[in-house]
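Q: Before we start, here is the structure in question, set down as structure tokens.
The values are calculated or read from the model by the stated rules, or taken from the named source; none is laboratory data. Predicted, not measured: the structure shown is a model, and the values here were computed from it. Virtual Cβ from ideal backbone geometry, glycine too; neighbours counted across all protein chains shown. Side chains are part of the model used for accessible areas, which takes the heavy atoms of the whole protein and leaves out ligands, DNA and RNA. Shrake-Rupley method; radii C 1.70, N 1.55, O 1.52, S 1.80 Å.
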Amino acid sequence: MNPKLPPIRLLLLASPLLLAALLAACGGSAGGDDDDDAAPSAKGVVAVQTVKPVRAAFHATVEAWGRAVTDPARSRTLSLGHGGQVEALDVAPGQRVKRGQMLLAIAPDPAARAAVAQAQSALTLAKNELARTRQLAAQQLATQSQLAAARKNLADAEASLQAQRALGGGATRETLSAPTDGVVTSIAVARGERFAANAPLLGFAPDHALVAELGVPPPAGPQLKPGQTVELDSVYGDGKPLTGTVTVVGQAVDPQSRLLPVRATLPADAALADGTAVHARIQVSDIAAWSVPRAAVLHDDHGDYLFQVEGDKAHRVDVTLRSGDGDPVGVDGPLDAKAKVIVQGVYELSDGDRVREATK
């Protein structure tokens, strides 16, 4: 053996077995990549949580937007059968009032008061004429026909006076009261203003007389018909959802909104102000679809999709969202009924990524 060789080289040459022992002690391996294939590490495996997809019934819906308004069939315009002048105005538009509450105080028109005075004079004259005719008839100086005519004149005078009083001409001051509990929707006169007979004075809407005036995209029109259920809520998000029924489906597109008009009932206890903006979902049919959690459904440039577990890998499945309201949602697509749907961890996945069930 050459005495000039370094000691470590002498050691390696002298003992191959010792070299193997040193490598093993240092954690080395002579197998290289073959050992990686035999025992893969956990790096690159995504921990996920899954659920099993099930078939379920969903309501197919058409979305609509609009507002709550007073039902035109139940709103009223208050007026009087005679003219007058507004002496007092005790309400404002939008004010809620109780049945019998005074809305307006009115001084009757002078012409109406004059008509009452004339009718009263005519009645007095008819009474006196009947009394005189009776005296003449008793003296056989008047015929029975003359007596009958006098009685008729009295009856006509009484009827004329009653009619004038019914028109309000006999009162020095008259009040217009609320016919029932409701809301004053408009006021057409001002304090001190004179008005003619039958002129509109106030608009009035009884309580619980609201309807929903909605608009839907024209292509959805063929799916709609009276009697369908409508779920409504305020666009401001306050209050519980309301349930109504479609009553009218328009057949002409509104030229301003470019939407098809639809009218729906609102429940009697709907606590909405006239004009409140609402969002509605009209139930047009029942459909069967895969029921999956909303968090499982993703969207990209190719559309909606989700992941199912195949073996130990994530498999992308393109789906169509059939019912997107609530949670779970309904989807259609080539799902495997036996493969679980990935719910948590989906944002980290690509098609074919390895996955493992996370410990809950």
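Q: Any idea which of E357, E348 is among the acidic types (D, E) and either within 13 Å of T50 (Cα to Cα) or crowded, with 18+ Cβ neighbours inside 10 Å (or both)?
A: E357
Q: Within the range 270-310, which residues are among the basic types (K, R) and out of contact with any His (no Cβ under 9 Å at 6 or more places or on another chain)? Give the derivation first.
A: Taking the range 270-310 as the starting set, the residues that turn out to be among the basic types (K, R) are 281, 294.
Answer for the range 270-310, where residues must be among the basic types (K, R) and out of contact with any His (no Cβ under 9 Å at 6 or more places or on another chain): just R294.
Q: Looking at A148, is it free of Cβ contacts under 8 Å to residues at least 40 places away in the same chain, within 30 Å of L260 (Cβ to Cβ) and loosely packed, with under 14 Cβ neighbours inside 10 Å?
A: Values: free of Cβ contacts under 8 Å to residues at least 40 places away in the same chain: yes; within 30 Å of L260 (Cβ to Cβ): no; loosely packed, with under 14 Cβ neighbours inside 10 Å: yes.
It is false that A148 is free of Cβ contacts under 8 Å to residues at least 40 places away in the same chain, within 30 Å of L260 (Cβ to Cβ) and loosely packed, with under 14 Cβ neighbours inside 10 Å.
Table: residues versus (1) β-branched (V, I, T); (2) modelled with pLDDT under 75.
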{"residue": "L17", "(1), (2)": "no, yes"}
{"residue": "L23", "(1), (2)": "no, yes"}
{"residue": "S29", "(1), (2)": "no, yes"}
{"residue": "G32", "(1), (2)": "no, yes"}
{"residue": "D36", "(1), (2)": "no, yes"}
{"residue": "K43", "(1), (2)": "no, yes"}
{"residue": "V54", "(1), (2)": "yes, no"}
{"residue": "A60", "(1), (2)": "no, no"}
{"residue": "A68", "(1), (2)": "no, no"}
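Q: Something else about it: Q140 fails exactly one of the following numbered conditions: (1) assigned to a loop (DSSP other than H, G, I, E, B); (2) in contact (Cβ under 8 Å) with a residue 24 or more places away in the chain. What is the number of that condition?
A: (2)
Q: Restricting to the range 64-89, name every residue that is within 12 Å of E174 (Cα to Cα), open to solvent by less than 20 Å² (accessible area, probe 1.4 Å) and assigned to a strand (DSSP E or B).
A: Hits for the range 64-89 are G84, V86, A88.
Q: Could you check how many residues of the range 300-325 are buried (at least 16 other Cβ atoms within 10 Å of the Cβ) and of a type in the set (S, T, Y)?
A: 2
Q: With respect to G330, determine if the residue is surrounded by 13 or more Cβ atoms within 10 Å (Cβ to Cβ) and free of Cβ contacts under 8 Å to residues at least 40 places away in the same chain. Talk me through it step by step, then tell me what you get.
A: Numbers: surrounded by 13 or more Cβ atoms within 10 Å (Cβ to Cβ): yes; free of Cβ contacts under 8 Å to residues at least 40 places away in the same chain: no.
So G330 fails the test.
Q: Would you please name the residue that is surrounded by the fewest Cβ atoms within 10 Å (Cβ to Cβ), looking only at residues in the range 202-231 that are out of contact with any Lys or Arg (no Cβ under 8 Å at 6 or more places or on another chain) and in a strand (DSSP E or B)?
A: It comes out as T229.
Q: Among the strands (runs of 3 or more DSSP E) contained in the range 283-360, which hold 1 or more residues that are farther than 19 Å from T61 by Cα? Spell out how you get there, then give the answer.
A: On the way: elements: 298-300, 303-310, 313-318, 320-323, 329-332, 341-344, 355-357.
Result: 298-300, 303-310, 313-318, 341-344, 355-357.
Q: Hey, does the range 99-121 have a residue that's surrounded by fewer than 17 Cβ atoms within 10 Å (Cβ to Cβ), of a type in the set (D, E, K, R) and either assigned to a strand (DSSP E or B) or in contact with a helix residue (DSSP H, G or I) (Cβ under 9 Å, 6 or more places away or on another chain) (or both)?
A: No, the conditions are met nowhere in the range 99-121.
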